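A.B. asks: One structure is given below, represented as C-alpha cells, and several questions about it will come after.
The values are calculated or read from the model by the stated rules, or taken from the named source; none is laboratory data. Quick caveat, the model's predicted, so the values are computed rather than measured. Positions of Cβ are generated from backbone atoms using ideal geometry, with glycine treated the same way; all protein chains shown enter the neighbour counts. SASA here: full protein model, heavy atoms, side chains in, ligands and nucleic acids out. Shrake-Rupley method; radii C 1.70, N 1.55, O 1.52, S 1.80 Å.
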Amino acid sequence: MTSLRVDIDQLSRLAQSLDASLVSLREAREALDHVRSDQLGTTDLDTACDDFRTRWAYGAAELAKQVKTVHEGVGRGAADYAELEAAVRDAFRAAGTRD
C-alpha cells in the first residue's frame, strides 16, 4: 500500500521562495540595465558586455516565466490539498456524529 503525504506548509514556503527568486531576477535585470558598456573599457569588452546583457535579459525573462508557472501550480496544488484535507476531516466528523 502506498501513502501520499503532502505538507501544505512546505508548499507555502516553496511558493514564498519562488516569489523571492522572481524579485531577485527582476532586481538583477534592473541592475544590468543601468550598466553601460561604454563605461567598461575596450571595444571588445564593451561588445562582450552588450552581448551578455542581451542574452541575460532574454534568459532571465524566460526563467521568470517558468518560475511563475511553477508558482501557480504550487499554489493550486496547495489549495487543492487543503480543500481535500478539509473534506476528509469533515467526512470523519460527520461519520463520528452519526453514532
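A.B. asks: Which residue fluctuates most in the GNM of the chain (Cα springs below 10 Å): 60, 79, 48?
C.D. replies: Sorting by GNM fluctuation, first place goes to 48.
A.B. asks: Might you report the magnitude of the Cβ-based charge dipole of the chain about its Cα centre, with Lys and Arg at +1 and Asp and Glu at -1, to the nearest 20 debye?
C.D. replies: 420
A.B. asks: Once you've got the GNM for the chain with C-alpha springs shorter than 10 Å, pick whichever of 18, 32, 45 has the biggest mean-square fluctuation.
C.D. replies: In the Gaussian network model the winner is 45.
A.B. asks: Leaving out ligands and nucleic acids, note down the accessible area per residue over the chain with a 1.4 angstrom probe, in whole Å².
C.D. replies: 79
A.B. asks: Leaving ligands, DNA and RNA out of it, rank 74, 23 by accessible area with a 1.4 Å probe, largest first.
C.D. replies: Greatest to least solvent exposure: 23, 74.
A.B. asks: Hey, another quick one. Lys and Arg at +1, Asp and Glu at -1: add these up for the other residues within a Cβ distance under 13 Å of residue 60 and post the number.
C.D. replies: Charge balance in the 13 Å sphere: +2.
A.B. asks: What ranking of 71, 34 comes out by heavy-atom accessible area, probe 1.4 Å, highest first?
C.D. replies: If we order 71, 34 from most to least accessible, we get 34, 71.
A.B. asks: Relative to the longest principal Cα axis of the chain, at what angle does helix 43-97 sit, 0 to 90 degrees, rounded to 10?
C.D. replies: The two axes meet at around 10 degrees.
A.B. asks: To the nearest 10 degrees, how steeply does helix 8-33 sit against the main Cα axis of the chain, on a 0 to 90 scale?
C.D. replies: Helix 8-33 and the main axis of the chain meet at about 10 degrees.
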